[in-house]
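Engineer: Handing you a structure now.
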Amino acid sequence: MQIVATMSDVKMNFTQAQYCLTLSLLQTIPRAFAFDDDELDDDLSVSPSPVSASPPPPGTPLDENGPTVDLLPELAAVAKDADGTTVALKTSLELTFGVQRVTLELFTGEAISTETVKEASLARFSLNETGVKYKMLSNGSMEAEVVIRSFTVHDTRPARQTKFREIIPATSHAGHQFMINYTQSGGTDRSAFANVTIDSPKVIFSLDPLFALLDYFMSAFRQAQVAAPPSPDDEPNALPIADAPAASEPSTSTFAFRVNVVSPTIILLDNPERADSEAVILSISQVQMAQQGASPSTAVVRSH
(Lines give C-alpha, C1' and ligand atoms only; values in the text may rest on other atoms or scores of the structure.)
Protein backbone atom coordinates (compact mmCIF):
# COMPACT_ATOMS: atom_id res chain seq x y z
CA MET A 1 0.00 0.00 0.00
CA GLN A 2 1.33 3.41 -0.97
CA ILE A 3 -0.09 6.66 0.44
CA VAL A 4 0.91 10.18 -0.62
CA ALA A 5 -0.52 13.10 1.36
CA THR A 6 0.12 16.82 1.55
CA MET A 7 -1.19 19.42 3.98
CA SER A 8 -1.74 23.14 3.66
CA ASP A 9 0.05 25.59 5.91
CA VAL A 10 -0.69 25.14 9.62
CA LYS A 11 -0.81 28.13 11.97
CA MET A 12 -1.33 27.72 15.72
CA ASN A 13 -1.58 30.25 18.55
CA PHE A 14 -0.83 29.26 22.12
CA THR A 15 -1.42 31.56 25.07
CA GLN A 16 0.25 31.01 28.42
CA ALA A 17 -3.09 30.06 30.02
CA GLN A 18 -3.71 27.46 27.30
CA TYR A 19 -0.21 26.09 27.76
CA CYS A 20 -0.69 25.65 31.53
CA LEU A 21 -4.12 24.05 31.01
CA THR A 22 -2.75 21.62 28.40
CA LEU A 23 0.04 20.40 30.68
CA SER A 24 -2.42 20.06 33.55
CA LEU A 25 -4.69 17.89 31.40
CA LEU A 26 -1.75 15.75 30.28
CA GLN A 27 -0.96 15.06 33.94
CA THR A 28 -4.59 14.53 35.03
CA ILE A 29 -5.94 12.27 32.26
CA PRO A 30 -3.52 9.34 32.92
CA ARG A 31 -4.45 9.40 36.62
CA ALA A 32 -8.14 9.15 35.71
CA PHE A 33 -7.54 5.81 34.01
CA ALA A 34 -5.25 4.43 36.73
CA PHE A 35 -6.52 1.48 38.79
CA ASP A 36 -6.07 0.76 42.47
CA ASP A 37 -4.18 -2.31 43.61
CA ASP A 38 -7.41 -3.94 44.81
CA GLU A 39 -9.01 -3.55 41.39
CA LEU A 40 -5.96 -5.02 39.70
CA ASP A 41 -5.99 -8.00 42.07
CA ASP A 42 -9.67 -8.65 41.30
CA ASP A 43 -9.04 -8.53 37.57
CA LEU A 44 -6.12 -10.93 37.85
CA SER A 45 -8.11 -13.37 39.98
CA VAL A 46 -10.91 -13.76 37.42
CA SER A 47 -8.83 -13.58 34.27
CA PRO A 48 -7.66 -16.87 32.81
CA SER A 49 -3.99 -17.61 33.14
CA PRO A 50 -2.16 -17.33 29.85
CA VAL A 51 -0.69 -20.41 28.30
CA SER A 52 3.03 -20.22 28.87
CA ALA A 53 5.24 -21.21 26.02
CA SER A 54 7.95 -23.75 26.68
CA PRO A 55 11.34 -22.10 27.06
CA PRO A 56 13.79 -22.60 24.23
CA PRO A 57 16.61 -25.07 24.80
CA PRO A 58 19.96 -23.72 25.96
CA GLY A 59 22.06 -22.30 23.20
CA THR A 60 19.09 -21.41 20.99
CA PRO A 61 19.63 -18.03 19.23
CA LEU A 62 17.19 -15.28 20.05
CA ASP A 63 15.95 -14.95 16.46
CA GLU A 64 14.86 -18.59 16.05
CA ASN A 65 11.16 -17.78 16.45
CA GLY A 66 11.06 -15.40 13.47
CA PRO A 67 13.07 -13.82 10.68
CA THR A 68 15.44 -11.00 11.42
CA VAL A 69 16.94 -8.15 9.44
CA ASP A 70 20.42 -6.78 9.70
CA LEU A 71 20.25 -3.29 11.21
CA LEU A 72 21.65 -1.07 8.48
CA PRO A 73 21.16 2.63 7.70
CA GLU A 74 18.74 1.43 5.00
CA LEU A 75 16.37 -1.51 5.22
CA ALA A 76 17.62 -4.77 3.73
CA ALA A 77 15.71 -6.33 0.84
CA VAL A 78 16.06 -9.91 2.09
CA ALA A 79 15.98 -11.75 5.43
CA LYS A 80 16.86 -15.19 6.68
CA ASP A 81 14.18 -17.53 7.99
CA ALA A 82 14.55 -19.81 11.03
CA ASP A 83 16.10 -22.57 8.92
CA GLY A 84 18.50 -20.16 7.22
CA THR A 85 16.53 -19.82 3.99
CA THR A 86 16.75 -16.42 2.31
CA VAL A 87 13.35 -14.75 2.07
CA ALA A 88 12.61 -11.73 -0.12
CA LEU A 89 10.89 -8.91 1.74
CA LYS A 90 7.99 -6.92 0.33
CA THR A 91 6.81 -3.42 1.19
CA SER A 92 3.54 -3.63 3.13
CA LEU A 93 3.08 0.12 3.69
CA GLU A 94 4.73 3.20 2.20
CA LEU A 95 3.69 6.71 3.28
CA THR A 96 4.87 10.08 1.99
CA PHE A 97 3.70 13.23 3.75
CA GLY A 98 4.61 16.87 3.27
CA VAL A 99 3.64 20.25 4.65
CA GLN A 100 4.99 23.61 3.50
CA ARG A 101 4.95 25.52 6.80
CA VAL A 102 3.95 24.86 10.41
CA THR A 103 3.86 28.00 12.59
CA LEU A 104 3.39 28.26 16.34
CA GLU A 105 3.09 31.67 18.02
CA LEU A 106 3.30 32.02 21.80
CA PHE A 107 1.53 34.67 23.86
CA THR A 108 2.20 35.70 27.46
CA GLY A 109 -0.26 35.64 30.33
CA GLU A 110 -1.42 39.16 29.42
CA ALA A 111 -3.36 37.72 26.47
CA ILE A 112 -6.77 37.54 28.16
CA SER A 113 -8.94 39.01 25.38
CA THR A 114 -8.90 39.61 21.64
CA GLU A 115 -7.80 43.20 22.25
CA THR A 116 -4.74 42.22 24.29
CA VAL A 117 -3.53 39.30 22.14
CA LYS A 118 -1.54 41.41 19.71
CA GLU A 119 0.35 43.26 22.43
CA ALA A 120 1.08 40.00 24.32
CA SER A 121 2.91 38.21 21.51
CA LEU A 122 6.13 36.57 22.72
CA ALA A 123 7.77 34.44 20.01
CA ARG A 124 6.98 32.64 16.77
CA PHE A 125 8.36 29.23 15.80
CA SER A 126 8.22 27.96 12.23
CA LEU A 127 9.03 24.67 10.52
CA ASN A 128 9.52 25.22 6.79
CA GLU A 129 9.17 22.57 4.09
CA THR A 130 8.76 19.48 6.25
CA GLY A 131 8.69 16.06 4.60
CA VAL A 132 8.07 12.63 6.13
CA LYS A 133 8.65 9.24 4.51
CA TYR A 134 7.67 5.98 6.20
CA LYS A 135 8.12 2.43 4.94
CA MET A 136 7.24 -0.91 6.57
CA LEU A 137 8.29 -4.29 5.23
CA SER A 138 6.48 -7.60 5.45
CA ASN A 139 8.53 -8.85 8.42
CA GLY A 140 7.71 -5.81 10.60
CA SER A 141 10.90 -3.85 10.02
CA MET A 142 10.40 -0.18 9.29
CA GLU A 143 12.21 2.98 8.26
CA ALA A 144 11.17 6.61 8.80
CA GLU A 145 12.79 9.73 7.43
CA VAL A 146 12.00 13.31 8.45
CA VAL A 147 13.56 16.27 6.63
CA ILE A 148 13.06 19.96 7.46
CA ARG A 149 14.28 22.72 5.17
CA SER A 150 14.72 25.20 8.04
CA PHE A 151 13.60 25.97 11.57
CA THR A 152 13.19 29.63 12.53
CA VAL A 153 12.40 31.48 15.77
CA HIS A 154 11.41 35.17 15.88
CA ASP A 155 11.12 37.54 18.81
CA THR A 156 7.65 39.06 18.31
CA ARG A 157 7.32 41.21 21.46
CA PRO A 158 6.00 44.57 20.18
CA ALA A 159 7.27 46.57 23.17
CA ARG A 160 10.80 45.23 22.79
CA GLN A 161 13.18 47.61 21.04
CA THR A 162 15.61 45.35 19.22
CA LYS A 163 17.40 45.28 15.90
CA PHE A 164 17.62 41.48 15.95
CA ARG A 165 14.18 39.90 15.71
CA GLU A 166 15.48 36.60 14.36
CA ILE A 167 16.63 34.40 17.24
CA ILE A 168 17.18 31.44 14.90
CA PRO A 169 17.33 32.69 11.29
CA ALA A 170 16.63 30.58 8.23
CA THR A 171 19.61 28.87 6.67
CA SER A 172 20.99 30.32 3.44
CA HIS A 173 22.58 27.14 2.08
CA ALA A 174 20.83 24.71 -0.23
CA GLY A 175 19.44 21.48 1.11
CA HIS A 176 17.76 20.56 4.38
CA GLN A 177 18.84 21.82 7.78
CA PHE A 178 17.38 18.93 9.85
CA MET A 179 17.48 15.29 8.76
CA ILE A 180 16.32 12.40 10.93
CA ASN A 181 16.53 8.78 9.82
CA TYR A 182 15.08 6.04 12.06
CA THR A 183 15.41 2.34 11.28
CA GLN A 184 13.97 -0.59 13.24
CA SER A 185 14.64 -4.23 12.46
CA GLY A 186 11.99 -6.95 12.34
CA GLY A 187 11.79 -10.32 14.03
CA THR A 188 11.79 -10.98 17.76
CA ASP A 189 14.84 -8.84 18.55
CA ARG A 190 13.74 -5.35 17.54
CA SER A 191 16.85 -3.21 17.39
CA ALA A 192 16.60 0.42 16.38
CA PHE A 193 18.99 3.02 15.05
CA ALA A 194 18.46 6.80 14.78
CA ASN A 195 20.68 9.13 12.79
CA VAL A 196 20.16 12.88 13.34
CA THR A 197 21.97 15.53 11.28
CA ILE A 198 21.72 19.29 11.86
CA ASP A 199 23.44 21.44 9.26
CA SER A 200 24.72 24.95 10.05
CA PRO A 201 22.37 26.04 12.85
CA LYS A 202 22.72 29.65 14.06
CA VAL A 203 21.35 31.20 17.25
CA ILE A 204 21.35 34.98 17.75
CA PHE A 205 19.99 36.04 21.12
CA SER A 206 20.31 38.21 24.19
CA LEU A 207 19.48 37.24 27.75
CA ASP A 208 16.15 39.10 27.84
CA PRO A 209 14.19 36.94 25.33
CA LEU A 210 15.83 33.84 26.77
CA PHE A 211 14.49 34.62 30.24
CA ALA A 212 11.07 35.49 28.79
CA LEU A 213 10.80 32.10 27.06
CA LEU A 214 12.07 30.34 30.17
CA ASP A 215 9.43 32.07 32.29
CA TYR A 216 6.74 31.02 29.79
CA PHE A 217 7.65 27.32 29.81
CA MET A 218 8.22 27.13 33.58
CA SER A 219 4.93 28.84 34.48
CA ALA A 220 2.95 25.58 34.27
CA PHE A 221 5.28 23.80 36.69
CA ARG A 222 5.07 26.65 39.21
CA GLN A 223 1.28 26.45 39.17
CA ALA A 224 1.42 22.67 39.60
CA GLN A 225 3.60 23.03 42.71
CA VAL A 226 1.19 25.55 44.26
CA ALA A 227 -1.86 23.35 43.58
CA ALA A 228 -0.21 20.07 44.62
CA PRO A 229 -1.62 18.49 47.83
CA PRO A 230 0.70 17.74 50.77
CA SER A 231 2.66 14.54 50.44
CA PRO A 232 2.04 11.59 52.80
CA ASP A 233 5.48 12.12 54.37
CA ASP A 234 4.22 15.41 55.85
CA GLU A 235 1.28 13.76 57.67
CA PRO A 236 1.98 12.49 61.21
CA ASN A 237 0.01 9.26 60.86
CA ALA A 238 0.96 8.43 57.32
CA LEU A 239 1.00 4.77 56.40
CA PRO A 240 4.34 3.23 55.44
CA ILE A 241 5.06 3.17 51.76
CA ALA A 242 4.89 -0.28 50.23
CA ASP A 243 7.97 -1.73 48.68
CA ALA A 244 8.33 -1.05 44.99
CA PRO A 245 7.64 -4.02 42.72
CA ALA A 246 10.60 -5.93 41.40
CA ALA A 247 11.93 -4.63 38.15
CA SER A 248 11.04 -6.62 35.08
CA GLU A 249 13.66 -8.40 33.08
CA PRO A 250 15.52 -6.12 30.67
CA SER A 251 14.43 -6.30 27.06
CA THR A 252 16.76 -7.76 24.44
CA SER A 253 16.01 -4.86 22.10
CA THR A 254 18.81 -2.36 21.62
CA PHE A 255 18.77 1.26 20.57
CA ALA A 256 21.67 3.10 18.98
CA PHE A 257 21.83 6.70 17.84
CA ARG A 258 24.19 9.15 16.19
CA VAL A 259 23.84 12.94 16.32
CA ASN A 260 25.92 15.09 13.99
CA VAL A 261 25.82 18.90 14.23
CA VAL A 262 27.77 20.64 11.48
CA SER A 263 29.05 24.23 11.84
CA PRO A 264 26.87 25.48 14.71
CA THR A 265 27.16 29.17 15.62
CA ILE A 266 25.97 30.86 18.82
CA ILE A 267 25.95 34.67 19.01
CA LEU A 268 25.27 36.39 22.35
CA LEU A 269 24.45 40.08 21.90
CA ASP A 270 25.47 42.75 24.37
CA ASN A 271 22.92 45.41 23.35
CA PRO A 272 20.31 44.21 20.83
CA GLU A 273 18.92 47.77 20.51
CA ARG A 274 21.98 48.71 18.47
CA ALA A 275 22.70 47.27 15.05
CA ASP A 276 26.45 47.48 15.77
CA SER A 277 26.16 45.76 19.16
CA GLU A 278 29.15 43.93 20.55
CA ALA A 279 28.72 40.17 20.68
CA VAL A 280 30.32 36.97 21.87
CA ILE A 281 30.51 34.46 19.02
CA LEU A 282 30.99 30.74 19.60
CA SER A 283 31.66 28.84 16.40
CA ILE A 284 32.30 25.10 16.24
CA SER A 285 33.24 23.09 13.18
CA GLN A 286 31.45 19.88 14.12
CA VAL A 287 29.84 18.18 17.11
CA GLN A 288 29.26 14.42 17.09
CA MET A 289 27.60 12.27 19.72
CA ALA A 290 26.91 8.56 19.35
CA GLN A 291 25.88 5.52 21.33
CA GLN A 292 26.10 1.98 20.00
CA GLY A 293 24.33 -0.78 21.92
CA ALA A 294 25.11 -0.63 25.63
CA SER A 295 28.27 1.39 25.18
CA PRO A 296 28.39 4.80 26.86
CA SER A 297 27.77 7.91 24.83
CA THR A 298 30.75 9.53 23.19
CA ALA A 299 31.07 13.10 21.99
CA VAL A 300 33.54 14.64 19.60
CA VAL A 301 33.85 18.42 19.25
CA ARG A 302 35.92 20.07 16.54
CA SER A 303 36.31 23.82 16.84
CA HIS A 304 37.61 26.34 14.32
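The values are calculated or read from the model by the stated rules, or taken from the named source; none is laboratory data. Small disclaimer: the values here were computed from a predicted structure and weren't measured. All Cβ positions, glycine included, derive from the backbone under ideal geometry; neighbour counts span all protein chains shown. Keep in mind that these areas ignore ligands, DNA and RNA; they rest on the heavy atoms of the full protein, side chains included. Shrake-Rupley method; radii C 1.70, N 1.55, O 1.52, S 1.80 Å.
Engineer: Only residues that are of a type outside the set (Val, Ile, Thr), closer than 26 Å to residue 172 by Cα and out of contact with any Leu (no Cβ under 6 Å at 6 or more places or on another chain): list them for the range 195-212, please.
Structural biologist: Hits for the range 195-212 are 195, 199, 200, 201, 202, 205, 207, 209, 210.
Engineer: Just one of 219, 150 is buried (at least 16 other Cβ atoms within 10 Å of the Cβ), assigned to a strand (DSSP E or B) and either touching a residue at least 24 places away in the same chain (Cβ under 8 Å) or not hydrophobic (A, V, I, L, M, F, W, C) (or both); which is it?
Structural biologist: That would be 150, the only listed residue that is buried (at least 16 other Cβ atoms within 10 Å of the Cβ), assigned to a strand (DSSP E or B) and either touching a residue at least 24 places away in the same chain (Cβ under 8 Å) or not hydrophobic (A, V, I, L, M, F, W, C) (or both).
Engineer: Modelled with pLDDT of 90 or more, in a loop (DSSP other than H, G, I, E, B), open to solvent by less than 90 Å² (accessible area, probe 1.4 Å) and farther than 22 Å from residue 124 by Cα: is that true of residue 277 in this structure?
Structural biologist: In short, yes.
Engineer: Looking at the range 164-183, which of the residues that are surrounded by 19 or more Cβ atoms within 10 Å (Cβ to Cβ) and touching a residue at least 60 places away in the same chain (Cβ under 8 Å) is nearest to residue 290 (Cα to Cα)?
Structural biologist: 183
Engineer: Give the residues of the range 92-142 that are open to solvent by 50 Å² or more (accessible area, probe 1.4 Å) and free of Cβ contacts under 8 Å to residues at least 60 places away in the same chain, sorted by residue number.
Structural biologist: 110, 114, 115, 118, 119, 124, 127, 129, 133, 134, 136, 138
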